[in-house]
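Shown next, in structure tokens, is the structure this report addresses.
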Amino acid sequence: MRNKILGILFWGMFCFTPIVNAQTSKISSGVPRVFLIGEEEKKYEQIMQQYSQMLFQVCDNSMDDAYNYWNTMMRDMENFAKTQNVDLKGIKIWLNVFWNTDGSIDYIVYHPKPNSKNMNYQELTKFFIAFQSQYQLPLKSVKKFSHYGSASFPLFNKAHLVQEK
């Protein structure tokens with residue numbers, strides 16, 4: 001009986017450790033992978049220098065391609081929120097996303113807009129951590145890259161409106 005209890009405890013620790021690590025996820029530099037603009041100013045400046053190439057440049061200076069990649073990620077984010085039972089409706093934020101060369105997200109830095117719905121931002125940070133840990137932009141680059149943009153949920157862009165017709 002005692003061995004069964006120890007076995008259950010061991011497996012419980014083994015299974016839940018990745019979840020805890022994902023929620024407190026930090027890159028080896030000690031910088032949180034997701035944070036509000038204003039929380040880590042010096043580290044935020046360092047990150048911006050390390051990811052100096054812009055999404056626009058990775059898209060061969062095509063505004064249409066950069067816009068489509070950004071909107072695809074926003075749509076994927078909105079769909080992921082539905083699977084996580086997170087209500088993004090009414091959220092309006094500025095986002096700075098930092099991608100690794102393989103399209104995986106290294107950092108998400110955000111700030112709510114003044115006209116955004118009021119929300120528990122610790123919960124939003126947890127959502128972004130979960131999203132960034134599983135998402136990969138279908139775009140590769142020789143250098144790390146970033147994009148600073150805006151997001152308002154629910155999404156209403158041309159692609160979204162065409163699908164609804």
Checked pairs for region 110-134, first touching a residue at least 24 places away in the same chain (Cβ under 8 Å), second part of a loop (DSSP other than H, G, I, E, B), C-beta under 6 Å and 6 or more apart or across chains, list as 111/37; 116/91; 117/90; 127/86; 129/25
Say we look at region 94-150 and pick out the residues that are over 13 Å from the mean Cα position of the chain (by Cα), in a loop (DSSP other than H, G, I, E, B) and of a type in the set (S, T, N, Q); which of these is nearest to residue 44 (Cα to Cα)?
101
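May I ask you to verify whether residue 103 is in contact (Cβ under 8 Å) with a residue 24 or more places away in the chain, at positive phi and surrounded by fewer than 16 Cβ atoms within 10 Å (Cβ to Cβ)?
no
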Identity of the residue in region 77-91, of a type outside the set (Asp, Glu) and surrounded by 15 or more Cβ atoms within 10 Å (Cβ to Cβ), that ends up nearest to residue 117 (Cα to Cα):
91
Taking region 61-100 only, how many residues are touching a residue at least 40 places away in the same chain (Cβ under 8 Å) and at positive phi?
1
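Every number in this text was worked out from the coordinates using simple rules, so none of it is lab data. As the structure is a prediction and not an experimental result, all values here were calculated from the model. As a convention, Cβ positions derive from the backbone with ideal geometry for all residues, glycine included, and neighbour counts pool all protein chains shown.
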